[in-house]
Amino acid sequence: MPRVRRGPLRRRRHKRVLKLAKGYVGGRHRLFKTAKEAVMRAGNYAYRHRRLRKREFRRLWIARINAGARLHGITYSRLISALKKANIQLNRKMLAEIALSDPEAFKMVLVQADLLPG
């Protein structure tokens, strides 16, 4: 039985990994073994941070909403509770955007939630 030579297959695999390692510093974009390790590690970080990004944005939105609410003497938890009771269905992303870009509209949301005299 003839032996199997892996030339084309190996070249294809190496090219794929080295293409993914493009822009890496030093031997990490030139040497297959180090490039493979770097690409695997980068993939793991990318996977993990796709999940972390969602948490971090939610934390940012909550901080912005809290800051906007505190300008009117209200805490974040009281604001969210009042919005639920008033059946105002604004998600945190939109609330944060309103609090940041349009304070008057945010104040109107607080009035609608019966947190401020209107």
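Based on the Cβ-Cβ distance from ARG51 to ARG13, what FRET efficiency comes out when R0 is 41 Å, to the nearest 0.05? Efficiency, rounded to the nearest 0.05: 0.90. About its Cα centre, the dipole of the range 7-112 is roughly 1320 debye, where the only charges are +1 on Lys and Arg Cβ and -1 on Asp and Glu Cβ.
When the charge dipole of the range 7-112 is built from unit charges on Cβ atoms (+1 for Lys and Arg, -1 for Asp and Glu) and taken about the Cα centre, the candidate among GLY68, LEU95, ALA46 whose Cα reaches farthest toward its positive end is ALA46. Under 18 Å of direct C-alpha separation, and excluding same-chain neighbours fewer than eight residues apart, LYS19 reaches these lysines: LYS33, LYS36.
Just need the relative contact order of the chain here, percent rounded to a whole number, with Cα pairs under 8 Å and 6+ apart. Please report the intermediate quantities before stating the final value.
Details: 75 pairs, mean separation 20.0, N = 118.
Across the chain, relative contact order equals 17 percent.
In the range 55-118, the alpha-carbon atoms span a convex hull of 71 Å³ per residue. Only one of (i) 173; (ii) 96; (iii) 110 was calculated from the structure for volume of the Cα convex hull per residue in Å³, and its label is (i).
A straight line joining the Cα centroids of the range 62-100 and the range 1-22 runs 55 Å.
Every read-out reported here was derived from the displayed coordinates using simple, explicitly stated rules and does not represent laboratory data. Everything numeric here is computed off the predicted structure, so don't read it as measured data. We place every Cβ from the backbone using ideal geometry, glycine too, and count neighbours over all the protein chains shown.
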